[in-house]
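What follows is a single structure, written as structure tokens, with notes after it.
No value in this document is a laboratory result; all are computed from the given coordinates. Just so it is clear, the model here is predicted, and its values are computed rather than measured. Cβ placement follows ideal geometry from the backbone for every residue including glycine, while neighbour counts extend to all protein chains displayed.
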Ligand SMILES: Nc1ncnc2c1ncn2[C@@H]1O[C@H](COP(=O)(O)OP(=O)(O)OP(=O)(O)O)[C@@H](O)[C@H]1O
Ligand SMILES: [Mg+2]
């Protein structure tokens with residue numbers, strides 16, 4: 001079993017770290033701890049929340065709202081942003097609208113673009129597409145500015161769609177480029193003034209636009225599937241539902257060749273916490289958790305990087321984040337033995 005710190009040491013060039021899992025299992029806390037740890041090591045780190053509902057501000061106990069990058073008070077090298085879904089969607093809406101207008105103009109299709117734009121906007125994955133676009137922006141443009149970017153992604157379904165979308169997006173772009181190429185070469189073949197048209201084709205703004213989009217997409221994808229650069233960490237509780245979500249999620253992510261960094265088991269009742277406790281409820285929960293910890297060990301064993309104890313209070317503020325960091329980066333082997341005994 002490789003612990004979290006061993007994994008990070010073995011992957012010194014990681015630049016993009018993601019956390020995922022079922023709702024409420026501790027994705028934001030885990031992302032914050034990873035970012036905190038990197039910042040402590042002197043890495044200039046950006047913690048980016050891509051959730052429609054943000055919780056970085058309440059976690060750090062400071063105002064990180066507003067959709068722009070802000071330094072986290074009290075931690076050197078740590079910056080945070082709560083990406084505004086509305087801003088991302090609005091920017092994306094304008095981009096897509098612009099593309100559709102251009103397309104209709106260059107293809108010489110004399111129709112009102114508004115209907116086409118409306119249809120594109122009602123696409124149920126539009127918001128995810130917008131967030132994916134924003135994420136791509138950050139990965140390509142801000143990676144020079146930061147040594148590490150830790151993304152706190154939305155609940156499981158959204159994050160999977162975000163990834164799945166990248167595949168569809170790629171297919172769609174490839175097809176668009178192909179048909180544009182076909183149309184352009186036809187124009188060259190049909191023209192008497194071939195040279196003139198060939199020059200025009202080389203300058204074709206739509207083709208240039210598509211190619212640029214495609215290059216950007218290929219670049220992001222290359223980063224997303226590189227295990228030296230990217231790692232997805234999944235957070236689960238020792239409970240049935242979060243475990244099946246993580247298993248499903250891992251299969252999906254692997255299907256897209258995205259590297260899995262490991263699994264963090266959160267809110268574990270430690271034997272120490274039980275000591276002297278006569279509380280029936282806690283004892284029952286402890287027994288129940290035992291069965292799930294064994295399932296986790298059986299099915300995900302080598303991927304488990306950390307067991308984080310259940311704290312008596314929620315994780316709020318730097319002091320409690322420091323405590324979680326300490327626990328999350330403990331050697332995992334000894335704890336596993338103790339918990340699974
Ligand atoms: N080990 C722990 N012990 C006690 N409380 C915890 C622990 N881990 C997380 N929490 C608390 O559980 C709640 C959920 O944590 P967090 O916000 O990180 O989950 P999430 O997966 O990001 O949720 P969401 O799906 O809503 O984004 C928070 O109030 C947090 O303080
Ligand atoms: Mg969260």
Practice problem: Select from 217, 232, 116 the residue whose mean-square fluctuation is largest in a Gaussian network model of the chain (Cα-Cα springs shorter than 10 Å). | Solution: 116
Exercise. Let me know the Rg and Dmax you get for segment 205-325 when you use only its Cα atoms, in Å.
Key: 20.0, 73
Practice problem: Measure off 7 Å from each Cα along the Cα-to-Cβ vector at residue 6 and residue 195, then give the distance between these two points in nanometres to one decimal. | Solution: 6.9 nm
Self-check item: Within a Gaussian network of the chain (alpha carbon springs, distance under 10 Å), most fluctuating of 298, 37, 199
Solution: 199
Self-check item: the chain: angle of helix 280-300 to the longest principal axis, Cα-based, in degrees nearest 10
Solution: 50 degrees
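Fewest Cβ neighbours within 10 Å first, please rank 19, 122 accordingly.
Taking fewest neighbouring Cβ atoms as first place, the list is 122, 19.
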Quiz item: Can you sort 6, 82, 195, 127 by how many other beta carbons sit within 10 Å, fewest first?
Solution: 195, 6, 127, 82
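Any chance you could run the full-extension gain for residue 43 through residue 283? It's 0.36 nm times the residue separation minus the Cα-Cα distance, nm to one decimal.
Values: separation 240, 0.36 × 240 = 86.40 nm, distance 4.17 nm.
Value of the extension gain: 82.2 nm.
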Quiz item: How much FRET efficiency would the formula 1/(1 + (r/R0)^6) give for residue 340 and residue 118, where r is the Cβ-Cβ distance and R0 is 45 Å, rounded to 0.05?
Solution: 0.20
Practice problem: On a 0 to 90° scale, report how tilted helix 240-255 is relative to the longest principal axis of the chain, with both axes built from alpha carbons and the result rounded to the nearest 10. | Solution: 40 degrees
Self-check item: Added length on full extension, which subtracts the Cα-Cα distance from 0.36 nm per residue, residue 216 to residue 172
Solution: 14.4 nm
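Below 8 Å between Cα atoms, with a sequence gap of 6+, how large is the relative contact order for the chain in percent? Please report the intermediate quantities before stating the final value.
Values: 499 pairs, mean separation 93.9, N = 341.
RCO, the chain: 28 percent.
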Exercise. Compute from the Cα atoms of the chain the Rg and the Dmax, the latter being the longest Cα-Cα distance, and quote both in angstrom.
Key: 23.7, 93
Practice problem: For segment 5-78, just list the percent of Cα-Cα distances falling in each 5 Å bin from zero outward, please. | Solution: 3, 14, 27, 26, 17, 10, 2, 0
Practice problem: Give the peptides 11-18, 250-257 in descending order of average Cβ contacts within 10 Å, highest first. | Solution: 11-18, 250-257
Self-check item: All-pairs alpha carbon distance profile, segment 16-55, 10 Å steps from 0, percent
Solution: 29, 55, 16, 0
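Arrange 315, 188 by Cβ neighbour counts within 10 Å, fewest through most, would you? Provide the component values of the computation, followed by the final result.
Numbers: 315 19, 188 15.
The most exposed by this proxy come first: 188, 315.
Can you give the FRET efficiency to the nearest 0.05 for residue 68 and residue 208, using r as the Cβ-Cβ distance and R₀ = 22 Å? The partial results should precede the final answer.
On the way: r = 31 Å, r/R0 = 1.39.
With R0 = 22 Å, the Cβ-Cβ based efficiency is 0.10.
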Quiz prompt | Gyration tensor verdict on segment 1-127 (Cα atoms; rounded if a/c is under 1.5, prolate if a/b is larger than b/c, oblate otherwise) | solution = prolate
Self-check item: MRE, 222 nm, helices only [DSSP H, n ≥ 4, -39500 (n - 2.57), over the chain, to nearest 500]
Solution: -19000 deg cm²/dmol
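Can you bin segment 257-341 into rounded, prolate or oblate? Criterion: square roots of the alpha carbon gyration tensor eigenvalues sorted a ≥ b ≥ c, rounded for a/c under 1.5, prolate for a/b above b/c, oblate for the rest. Provide the component values of the computation, followed by the final result.
Values: a/c = 2.03, a/b = 1.17, b/c = 1.73.
Note, shape of segment 257-341 comes out oblate.
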Quiz item: If you build a Gaussian network model of the chain, linking Cα atoms that sit under 10 Å apart, which residue out of 272, 41, 73 swings the most?
Solution: 272
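Applying 1/(1 + (r/R0)^6) with R0 = 30 Å to the Cβ-Cβ distance of residue 95 and residue 187, what FRET efficiency is obtained, to the nearest 0.05? Walk me through the numbers before you get to the answer.
Values: r = 26 Å, r/R0 = 0.88.
Result of the calculation: an efficiency of 0.70.
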Quiz item: Share of antiparallel DSSP beta bridges in the chain, in percent to the nearest 5?
Solution: 5 percent
Practice problem: May I ask for the angle, rounded to the nearest 10°, between helix 205-224 and the longest principal axis of the chain, with both axes built from Cα atoms and the value confined to 0 to 90°? | Solution: 20 degrees
